[in-house]
Amino acid sequence: MPHKALNGLKTALLLGLLSAFILLLGQWLGGTGGLLLAGLLALAVNGGAYFYSDKLALRAMRAREVTAAEAPRLHAIVAELSARRGMPMPRVYVSPTAAPNAFATGRNPANAAVCVTEGILDLLDERELRGVLGHEISHVGNRDILIASVAAGLASMIMIIVNIAQLGALFGFGGEDDDGPGLLEILLLAILGPLAAGLIQAAISRSREFEADASGVEITGDPLALASALRKIEAGAAALPLAPSGQLAPASSMMIANPFAGGAAARLFSTHPPTAERVARLELLAGSTLQHR
């Protein structure tokens, strides 16, 4: 099966698993009523994430929209690659952040934005910047911002359900005479529920990063430019990592590289695949491109 189809299937299965987890939790904690309530709350959370994730991400990065007169090179590249993808040109933003990174946001191609940091503009040459922007524009065209928003909303929903269960236990609900879970079960849920949700959400994000790498290369025709950019960004982000913050959460998972420092234990929950693996895939694509010329 081609990588694109495999990534799409994996994403659909993971989102389905996350949704099923929420509904099962709702039914377990509150029967049919709990199932319906969990479903309604999940829809509400997803709707909010869908419409407001772009504003939250741009605000978190203190990003400012720039005009073609202010950033002619950046605008020209975004306009060219958007036209190649056959989609409207996203709004262009620059964040006053020294750490090199970039992200795309917005609920659909007609309401999208691409943001780069000042650090990445200083670090990359024009060819590498095209590779990065091709990746970000692919995120928009692939509706990855919507997928990420839904996944984040579903993961948040699990936290809400767990908190409701904990409050119920605190105030005496869910005892031994009730049909619902007991205190020990609720404690296990409080530990395992967010753990499972975080693992699934991170796996979805990693799958979409691989897909955006491949789709971006289809636009630029230059896999090695993106590979070179990823190496530089990883080194730059390691030298200037952002401090982990809840305020940055809406933007961090959308960035082209993990902006935070993290050890081996954090890799399971990383929203980005290892750079070495991404580079290896891009080098394979470069070899395949040369063979077909």
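The values are calculated or read from the model by the stated rules, or taken from the named source; none is laboratory data. What you see is a predicted model; the values in this text were computed from it and never measured. Because the Cβ atoms are built from the backbone with ideal geometry, glycine has one as well, and the counts that use them run over all protein chains shown. Keep in mind that these areas ignore ligands, DNA and RNA; they rest on the heavy atoms of the full protein, side chains included. Shrake-Rupley method; radii C 1.70, N 1.55, O 1.52, S 1.80 Å.
Yes or no, residue by residue, for (1) farther than 20 Å from residue 219 by Cα; (2) of a type in the set (Lys, Arg); (3) within 18 Å of the chain's Cα centre (by Cα):
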| site | (1), (2), (3) |
| --- | --- |
| 74 | no, no, no |
| 98 | yes, no, no |
| 108 | no, no, yes |
| 112 | no, no, yes |
| 117 | yes, no, yes |
| 126 | no, no, no |
| 136 | no, no, yes |
| 143 | no, yes, yes |
| 146 | yes, no, yes |
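Go through the range 113-124 and give me each residue that's crowded, with 24+ Cβ neighbours inside 10 Å and assigned to a strand (DSSP E or B). Result: 114, 115, 116, 117.
Listed here are the residues, each with its yes/no results for (1) assigned to a helix (DSSP H, G or I); (2) at pLDDT 70 or above; (3) touching a Phe, Trp or Tyr at 6+ places or on another chain (Cβ under 9 Å).
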position: 229; (1), (2), (3): yes, yes, no
position: 237; (1), (2), (3): yes, yes, yes
position: 249; (1), (2), (3): yes, no, no
position: 258; (1), (2), (3): no, yes, no
position: 267; (1), (2), (3): yes, no, no
position: 282; (1), (2), (3): yes, yes, no
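Taking residue 191, is it out of contact with any Pro (no Cβ under 6 Å at 6 or more places or on another chain) and at pLDDT 80 or above? When the stated conditions are applied, residue 191 does not pass them. Out of 83, 98, 79, one residue alone is part of a loop (DSSP other than H, G, I, E, B) and either modelled with pLDDT of 95 or more or open to solvent by 20 Å² or more (accessible area, probe 1.4 Å) (or both). It is 98.
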